[in-house]
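The values are calculated or read from the model by the stated rules, or taken from the named source; none is laboratory data. Bear in mind that the values here come from a model prediction, so they are computed numbers and not experimental data. Cβ sites come from the backbone with ideal geometry, for glycine too, and all protein chains shown count toward neighbours.
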Amino acid sequence: MAAWRAMAALGMLSVLIMQPSICKASAAHRQLRQDAEGDSVVSPKSREGAQEYLSRAEQCAALGGLMSVDLANQWACCPAFCKTCGGADGCDKLLGGKDACCPATIQAANLKCSEIKAPPCVLDAGGRIRGPRNPDPPPMGVLPDPFKEISDAKGGLEESDIPPPTELWGDCTETRLCQQGSVCRLAAEGWAQCRPELEMCPPPDVEDEFDCTIIGSSVHPPLKDCYKWGYQYSGTVLETRETTDSPWQCQTRCQMKDKCVGVNFISDQQGKCILMASTTGTEAKPGVGWLAAPKTCGWDRLTNPVQKDFALELWLSDLIGNMTLEEKAGQMIIAPIFGVPEPEVTLKKYSLGAMLWPPGFYREAKIWQVAAEMDNFYAAAMDKEWASGIPIPPLMAADAIHGHNNAPHSTIFPHNIGLGAANDSVLMEKIGLVTATEMVASGIDWTLAPTVATARDTRWGRMYESYSEDGYTVENIVGGLLRGLQGNPEDPESFLAAPHVLATCKHWLGDGGSWGGLTDGDTVAAETELRDIHSRGYRACIEKGGVQSVMPSFTGTNTIEMHGYPFLLTDVLKNTYNLDGFLVGDWNGHARSGNDENGENLPGCTVEHCPFAINAGMDMLMIGGDWISFINNTARAVESGEIPLERMDDAVRRILRAKARLGLIGPDPTKVKGKPSTRKPYAARDDLMASDEHMEVAREAVRKSLVLLKNNRHVLPLKRSANIFVTSRLIDDVPYADFLPTHVGSWALSWQAEENTNADFLYGTSIWKGLSDVVTGGGGAAMLSKNGSDDFAATGEYDAIVAVIGEERYAEAAGDLKENSLLHHARYPADLDILDKITAKKSPDTPIVCLLVSGRPVYVNQHLNRCDAFVAAWLPGVAAGLGVGDVLFEGGYDFHGRLAHSWPASPCQATVNVGDGQEALFPFSYGLRMNQGETDEVGYLRELSDTRCT
């Protein structure tokens, strides 16, 4: 029967291959029809757009055209769409080399599509300029001309008549869909290509006038909220809660109830939440204390680029149908390697979905030895007697946060905060590929990364794991990294093929917005904030990267634990955002019952037993405890009906689908990978670790991540022949400037990385070493202070002083500042003491160049006032000195980085973010250049000394 099904499926595939455009158009048509008819969780705008699509499809058919979907997932009527081209001259090759119909606006300007080179935001993702939707749309293919007045007056248009974006909108800070007149402008690969000189954003007063949502596009303007202040629903009350902190919490409670359709919130002293079973309309209520909101404001339906393999799905159905409940339950577990002390015994008896290599293990081993350890786990699992007769090896996972950082002698890149400042999607793809290659060399095939949090509070201990406070920046960066890690999701031949690995986007959803910046705290936020700010990275993970797994957050949302939030896990992430991979839990995250007095947070859950989380949508749980008991308990819960068999089978299918795409299992045994050490040409190769090629990528990442905050008197770049004095405080009797563990940060060989020394990174280059190599190679000299600048001699022999200051190592909650302020010298007073000593001794003409190594923007006004030049170096990694040396000296590279996180103007300004109306010291996207004539000087800054913040 299985063979027959497979043959039938292959026959079906052959038909689909012959008609790919029809297949894709039909699939999109079916999806849009579902959206139009209300059979999905989408926003009202998306539903309206889907209904318009169906109407346009009828028009298209009447014209003899076919509704199709282009590579940007935008619909068009073909060939009717191109009837307005006006002959051969109207059609041209776009940037992707594809034939296209030039829109009327470009024809009016007497330009060909290929001649539109600047600004890059002129064309949308499909290479066309789209007009807004309106109640009476123009005929298909005819686009409005925003430059008609100019054209009529001059008798034609020249390219110079189309103003650059900065002239359109002036000095703007938002990063949104761009409009000019009635023409929508979209960056072809994300807005970052236009930033900052060519950044565009609409003035706020046109928000209601234009609507440029493009059906099926991967880029959308933010949806408007759905909260009606000063109104209440009439209808049937489901439940009333007398004490509710916020309307957002009230709406969240509604989402936890199947029968709830909306809420009324009354902001009295305690906050009353009324859950509605039905609504018959709204009525105005005087004052501002009332709010009415539906169950959800709506989420855009996303398109997953990874195409399902029908033959594989049939094969998986047969495999799952022949597995025992215990085998299925085992596939739903990821356990740490120390939780499987005798794999040859345990894995021969029990199924296990994945195993985790925690930081701190194998730190002294060779890579071939690590691969051999992975072989042992693989072999034990393959020796088990499987009910189906088909052995299923576990996924081998690691937290590859900034490179394959668990592994000794690995290429460790800057932490995400620095990569966000670089904001280079091509660089990110290189980083992803290097990371994947080194993972495969050690026998690891799954990374529990990247973190795609949009951090909104600088006090957060995971701040450096966030690329940006701006969701659009995160979205731009993540797509490139995912392509490097997993391969091209639109190419089945390369996707997840060697040396690519599975990736995990985390932590869904809102971990960067926790109240007070507390790790594992609670995010108090409106659904629209979660959707429009915090989910943007996940959109890229799915639409651009085809990510195969997502990890929910330890952080709760409006007091609901994410591991038990079915609306966001299943309704949104799986059914609407179209994740066809699996959800993997964080460490015992399913057992976090919280302090919910109403008992809605994971009721009845323990580490070894949690039906609620599984029913909410969790597919694989990370168990730091008795995972064998979890297998037995879960199997019994399915037998009793507490967990539906269909839910278990869906979870197992999602996990096995990812394993099959990776090549660990599959219907063709000849294409299935063997044990890790045999996966050539990358397996067990120590020579791949921190190879010259890989270190060059790390070096590029460092120099692009550096942000120049101050360059008074143009003291940078320094001469290569300069005599420099390098100073810093001491760490374990080693100068901070020469102490690589602080440059690398945490999540390196171990979690907090407190025990790391320079001996762990002999292949790396400290900031001191990088500076010294440049000047000694250029005929100059460098001296490193060994006692915190007490050895500085005011002899005037130095051309410059370089002070390296910064934070110590920390990870997660250990880095939370809580009530402490961002005042740097309150935590590290020696840094300011050194600058004061140097300032008192040096010649007035000798400049001080300061490099700040940190995992977050901090309040350093005192330091800025004492430094002539100031560079934010973030946590640069093992190539720190190489990248710094590339930029600080004449004949090298200019600064590239720009702030992806706003810089605080006061010690307690921890929640300053782009677009919030606050004035930062250095705003989002700020970053000076040395070689572009930028002359702005940073004057004397007010020095505040608040150490605690209320």
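For the range 825-871, which positions are more than 22 Å from Met930 (Cβ to Cβ) and aliphatic (A, V, I, L, M)?
Ala826, Ala830, Leu832, Ile834, Leu835, Ile838, Ala840, Val858
Checking the conditions here, which among Leu749, Leu823 is at positive phi and either crowded, with 20+ Cβ neighbours inside 10 Å or at pLDDT 95 or above (or both)? It would help to see each step written out before you state the result.
Details: Leu823 fails: at positive phi.
Leu749 is the lone residue from the list that is at positive phi and either crowded, with 20+ Cβ neighbours inside 10 Å or at pLDDT 95 or above (or both).
For the range 368-388, enumerate the residues that are outside any helix (DSSP H, G or I) and either in contact with a strand residue (DSSP E or B) (Cβ under 7 Å, 6 or more places away or on another chain) or free of Cβ contacts under 8 Å to residues at least 40 places away in the same chain (or both).
Asp383, Lys384, Glu385
Can you report the number of residues in the range 725-740 which are crowded, with 23+ Cβ neighbours inside 10 Å, under 22 Å from Thr839 (Cβ atoms) and among the aliphatic types (A, V, I, L, M)?
2
Hey, any hits in the range 606-618 for a residue that's crowded, with 21+ Cβ neighbours inside 10 Å, part of a loop (DSSP other than H, G, I, E, B) and over 21 Å from the mean Cα position of the chain (by Cα)?
Taking every residue of the range 606-618 in turn, at least one turns out to be crowded, with 21+ Cβ neighbours inside 10 Å, part of a loop (DSSP other than H, G, I, E, B) and over 21 Å from the mean Cα position of the chain (by Cα).
Restricting the range 790-820 to residues that are more than 30 Å from Gly516 (Cα to Cα) and either without any contact (Cβ under 8 Å) to a residue 24 or more places away in the chain or surrounded by fewer than 20 Cβ atoms within 10 Å (Cβ to Cβ) (or both), which is farthest from the chain's Cα centre (by Cα)? Can you show your working first?
Taking the range 790-820 first, the residues more than 30 Å from Gly516 (Cα to Cα) are 790-803.
Still in the running and either without any contact (Cβ under 8 Å) to a residue 24 or more places away in the chain or surrounded by fewer than 20 Cβ atoms within 10 Å (Cβ to Cβ) (or both): 790-791, 793-797, 799.
Numbers: Asp790: 44, Asp791: 45, Ala793: 48, Ala794: 48, Thr795: 50, Gly796: 48, Glu797: 48, Asp799: 42 Å.
Per the stated criteria, the residue is Thr795.
Restricting to the range 524-548, what's the tally of residues that are in contact with a Lys or Arg (Cβ under 9 Å, 6 or more places away or on another chain) and of a type in the set (S, T, N, Q)?
Counting residues in the range 524-548 that are in contact with a Lys or Arg (Cβ under 9 Å, 6 or more places away or on another chain) and of a type in the set (S, T, N, Q) gives 2.
Find the residue count for the range 352-367, including only residues that are over 15 Å from Met396 (Cβ atoms) and either out of contact with any Leu (no Cβ under 9 Å at 6 or more places or on another chain) or free of Cβ contacts under 8 Å to residues at least 24 places away in the same chain (or both). Walk me through how you get there before you give the answer.
So in the range 352-367, the residues over 15 Å from Met396 (Cβ atoms) come out as 360, 363-364, 366.
Filter again for either out of contact with any Leu (no Cβ under 9 Å at 6 or more places or on another chain) or free of Cβ contacts under 8 Å to residues at least 24 places away in the same chain (or both), leaving 364, 366.
Number of matching residues: 2.
Which one of these is within 36 Å of the chain's Cα centre (by Cα) and either surrounded by fewer than 14 Cβ atoms within 10 Å (Cβ to Cβ) or not assigned by TED's automatic domain parsing to the domain that holds Asp650 (or both): Pro358, Pro336, Pro286, Pro341?
Pro341
Got a sec? Which of Ile417, Ile367 is surrounded by 18 or more Cβ atoms within 10 Å (Cβ to Cβ), touching a Ser or Thr at 6+ places or on another chain (Cβ under 9 Å) and under 29 Å from Gly897 (Cα atoms)? Show your work before the answer.
Details: Ile367 fails: under 29 Å from Gly897 (Cα atoms).
Step by step, each of Ile417, Ile367 is checked, and only Ile417 is surrounded by 18 or more Cβ atoms within 10 Å (Cβ to Cβ), touching a Ser or Thr at 6+ places or on another chain (Cβ under 9 Å) and under 29 Å from Gly897 (Cα atoms).
Out of the range 256-273, which residues are over 9 Å from Thr243 (Cα atoms) and of a type in the set (Gly, Ala, Ser)?
Once the filter is applied, which keeps residues that are over 9 Å from Thr243 (Cα atoms) and of a type in the set (Gly, Ala, Ser), the range 256-273 yields Gly262, Ser267.
Using the structure shown, decide if Gly480 is over 17 Å from Leu433 (Cα atoms), in contact with a Ser or Thr (Cβ under 7 Å, 6 or more places away or on another chain) and not basic (Lys, Arg).
no
Just one of Leu579, Leu621, Leu602, Leu568 is more than 24 Å from Ala660 (Cβ to Cβ), at pLDDT 95 or above, touching a helix residue (DSSP H, G or I) at 6+ places or on another chain (Cβ under 9 Å) and not aromatic (Phe, Trp, Tyr); which is it?
Only one candidate passes the filter, namely Leu568.
What is the residue count in the range 426-446 for residues that are crowded, with 24+ Cβ neighbours inside 10 Å and among the hydroxyl-bearing types (Ser, Thr, Tyr)?
2
Inspect the range 680-696 for any residue being closer than 30 Å to Pro499 by Cβ, modelled with pLDDT under 95 and in the same structural domain as Ile412 (by TED's automatic domain parsing) and give the result as yes or no.
yes
Please determine, by comparing only the residues of the range 887-913 that are of a type in the set (A, V, I, L, M) and touching a strand residue (DSSP E or B) at 6+ places or on another chain (Cβ under 9 Å), which one is nearest to Lys704 (Cα to Cα).
Val887
Only one of these is under 21 Å from the mean Cα position of the chain (by Cα), of a type outside the set (D, E, K, R), more than 15 Å from Arg456 (Cα to Cα) and in a loop (DSSP other than H, G, I, E, B): Ser925, Ser945. Name it.
Going through Ser925, Ser945 in turn, the sole match is Ser925.
So which residues in the range 518-541 are over 16 Å from Ser468 (Cβ atoms), part of a helix (DSSP H, G or I) and either in contact with a helix residue (DSSP H, G or I) (Cβ under 7 Å, 6 or more places away or on another chain) or among the polar types (S, T, N, Q) (or both), if there are any at all?
Keep residues of the range 518-541 that are over 16 Å from Ser468 (Cβ atoms), which gives 518-528, 530-531.
Next, from what is left, pick out any that are part of a helix (DSSP H, G or I): 527-528, 530-531.
Answer for the range 518-541, where residues must be over 16 Å from Ser468 (Cβ atoms), part of a helix (DSSP H, G or I) and either in contact with a helix residue (DSSP H, G or I) (Cβ under 7 Å, 6 or more places away or on another chain) or among the polar types (S, T, N, Q) (or both): Glu527, Thr528.
In this structure, does Asp649 turn out to be outside the structural domain of Trp368 (by TED's automatic domain parsing) and surrounded by fewer than 18 Cβ atoms within 10 Å (Cβ to Cβ)?
Considered against the rule, which asks whether it is outside the structural domain of Trp368 (by TED's automatic domain parsing) and surrounded by fewer than 18 Cβ atoms within 10 Å (Cβ to Cβ), Asp649 comes out as no.
Considering only the range 657-699, how many residues are farther than 24 Å from Ala372 by Cα and under 27 Å from the mean Cα position of the chain (by Cα)? So that I can check it myself, show each step before the final result.
Quick first cut of the range 657-699, residues farther than 24 Å from Ala372 by Cα only: 657, 667-668, 692-693, 695-699.
Keeping just the survivors that are under 27 Å from the mean Cα position of the chain (by Cα) gives 657, 693, 695-699.
Number satisfying all stated conditions: 7.
(1) in the same structural domain as Arg827 (by TED's automatic domain parsing); (2) closer than 30 Å to Tyr362 by Cα; (3) part of a helix (DSSP H, G or I); (4) touching a residue at least 60 places away in the same chain (Cβ under 8 Å): which one isn't true of Ala759, the others all being true?
(4)
Quick one: Asp520 ticks every box in (1) at pLDDT below 95; (2) at negative phi; (3) surrounded by fewer than 24 Cβ atoms within 10 Å (Cβ to Cβ); (4) not aromatic (Phe, Trp, Tyr) except a single one, so which number is it?
(2)
Answer with yes or no whether Lys659 is surrounded by 17 or more Cβ atoms within 10 Å (Cβ to Cβ) and touching a strand residue (DSSP E or B) at 6+ places or on another chain (Cβ under 7 Å).
yes
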